[in-house]
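Below is one structure, written out as structure tokens; the observations come after it.
The values are calculated or read from the model by the stated rules, or taken from the named source; none is laboratory data. Just so you know, these numbers come straight off a predicted model, no measurement behind them. Note that each Cβ is placed from the backbone with ideal geometry, even for glycine, and that neighbours are counted across all protein chains shown. SASA here: full protein model, heavy atoms, side chains in, ligands and nucleic acids out. Shrake-Rupley method; radii C 1.70, N 1.55, O 1.52, S 1.80 Å.
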Amino acid sequence: MQLLLKNDISQVPLLADFIDQVCEEFALDSNLCFQLNLVLEEAVVNVIQYAFPKGEEHTFTLDADKEADTITFVLKDDGKPFNPLKQAPNVDINLSAEKRQIGGLGIFLVQQMMDDVDYQRTPDGMNVLVMRKKSS
């Protein structure tokens, strides 16, 4: 399954519909669907807000696939190179929100809720974020 999105925040409801379709297609339970909605919205909103220069229109994709008991989501964009696993700020969740630095909480959430997260920059200039979650 694939979703094509524009780098416009108004596209977020399309993401929610897509995740609902994925959950139905793969017969996922509601707790897992909630987690996937949270994680994927965070990842997609980060692409929308930060991957492209302001004012430029771009499209990017989110693919979903299931093999055995693992669901894989692949987020691909042609935005500026950014490895969130290495370049996002470290988050100290023990600090209060007021004392915590801005940034990094989203990828922290993604890494905590997914079973495996990987990033690569392809030779043709694509950011590829692969997120896997066991469905059982």
query: Taking only pairs six or more apart or across chains, which ones have beta-carbon atoms under 9 Å, a first residue in the stretch 113-136 that is farther than 15 Å from LYS76 by Cα, and a second residue that is open to solvent by 90 Å² or more (accessible area, probe 1.4 Å) and part of a strand (DSSP E or B)?
result: ASP115/LYS134
Per-region count, the stretch 110-135, residues open to solvent by less than 50 Å² (accessible area, probe 1.4 Å) and in contact with a helix residue (DSSP H, G or I) (Cβ under 9 Å, 6 or more places away or on another chain): 10
- prompt: Quick check, is ALA68 among the small types (Gly, Ala, Ser), surrounded by fewer than 11 Cβ atoms within 10 Å (Cβ to Cβ) and at pLDDT below 95?
  reply: yes
- prompt: Considering the stretch 26-73 alone, what residues qualify as being assigned to a helix (DSSP H, G or I), under 15 Å from MET113 (Cα atoms) and aromatic (Phe, Trp, Tyr)?
  reply: PHE34
- prompt: In the stretch 1-34, which residue that is buried (at least 17 other Cβ atoms within 10 Å of the Cβ) and in contact with a helix residue (DSSP H, G or I) (Cβ under 6 Å, 6 or more places away or on another chain) is farthest from PRO84 (Cα to Cα)?
  reply: CYS23
- request: Go through the stretch 35-59 and give me each residue that's buried (at least 16 other Cβ atoms within 10 Å of the Cβ) and among the hydrophobic types (A, V, I, L, M, F, W, C).
  value: LEU36, VAL39, LEU40, ALA43, VAL44, VAL47, ILE48, ALA51, PHE52
statement: The one condition GLY106 fails out of (1) surrounded by 14 or more Cβ atoms within 10 Å (Cβ to Cβ); (2) modelled with pLDDT of 95 or more is (2)
